[in-house]
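The values are calculated or read from the model by the stated rules, or taken from the named source; none is laboratory data. Everything numeric here is computed off the predicted structure, so don't read it as measured data. Virtual Cβ from ideal backbone geometry, glycine too; neighbours counted across all protein chains shown. Side chains included, ligands, DNA and RNA excluded: accessible areas come from the protein's heavy atoms. Shrake-Rupley method; radii C 1.70, N 1.55, O 1.52, S 1.80 Å.
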Amino acid sequence: MRPASGARSATEILTLLHEGKATAEAVVGEALEEARAHAGLNAFICVNGEEALEQARRIDLSRGRGERQPPLAGLPICIKDNIDIEGWATTGATPSLAGLKARRTASVVKRLQGAGAVVLGKTNLHELAFGITNTNFSSVFPSACNPFDPRRITGGSSGGTAAAIAAGVVSAGLGTDTSGSIRIPASLCGIAGLRPSV
């Protein structure tokens, strides 16, 4: 299974949406189809398709009324599953947290949502973000696989986000990085990763 060679960048998707050549619902629907097609990569811990499609429909209705849109309106993204979204589980890819629901949304996610980004789902990681391979030994959260060769690692700890982007499911996503947890998976999956300074 190889990444989609025709995957569009975030800029290309946003241009299509801004010019009215695509609807947010269609773009999010395509991303959900890609997530299903690449389910074997274990990139996602959860996908919230109905919520994502509902948000996309609201964006399309707003755009249809001629209302000014925020800069990322309709762009599907993914969020590493150690970052809180209110009402969603934040598992950290460990069975002991599998049922824990977040009571608030992290500021970084709020800012992306405020800019119009549509969260497709939460992505896999090295258990509790404590490792650089994204190799998990739990049957509950199996390891994310590299889209270029599923027998190889994605690198960690943000390996699920890197796999989802490299496979063309989404064009952008959030990871976390203390000692290379964005930079290593980005390198091993052939994508760009940015770790801002503290």
Mean accessible surface per residue for the range 1-82, computed with a 1.4 Å probe while every protein chain stays in place, in Å²
55 Å²
Tensor-based shape of the range 1-117 (alpha-carbon gyration tensor, a/c under 1.5 rounded, otherwise prolate or oblate)
oblate
Net charge contributed by nearby residues that have their C-beta within less than 15 Å of residue 65 (K/R +1, D/E -1)
+2
Percent antiparallel among DSSP beta bridges confined to the chain, rounded to 5, stands at 40 percent
With each pseudo-label sitting 7 Å past Cα toward Cβ, what's the residue 21-residue 58 distance in nm, one decimal?
2.8 nm
Got a number for carbon plus sulfur as a percent of the chain's accessible area, 1.4 Å probe?
55 percent
Using a 1.4 angstrom probe on the protein heavy atoms only, line up 151, 65 by accessible area, largest first.
151, 65
Per its Cα gyration tensor (rounded if a/c is under 1.5, else prolate when a/b beats b/c, else oblate), the range 1-63 is best filed as oblate
Give me the net charge for the shell around residue 45: Cβ to Cβ below 10 angstrom, other residues only, Lys and Arg +1, Asp and Glu -1.
+1
For the chain, what is the convex hull (Cα atoms) projected area averaged across all directions, in square nanometres?
10.5 nm²
Give me the net charge for the shell around residue 141: Cβ to Cβ below 10 angstrom, other residues only, Lys and Arg +1, Asp and Glu -1.
-2
Rounded to the nearest 10 Å², the accessible area of residue 72 using a 1.4 Å probe with every protein chain kept is 40 Å²
Under the rule of -39500 (n - 2.57) per DSSP H run of 4 or more residues, summed and divided by the residues of the chain, what mean residue ellipticity at 222 nm is obtained, to the nearest 500 deg cm²/dmol?
-9500 deg cm²/dmol
According to a simple spin-label model (label point 7 Å from Cα along Cα-to-Cβ), what is the distance in nm between residue 103 and residue 130?
2.4 nm
Shape of the range 89-193 from its Cα gyration tensor (a ≥ b ≥ c, root eigenvalues): rounded if a/c is under 1.5, otherwise prolate when a/b > b/c, or oblate?
oblate
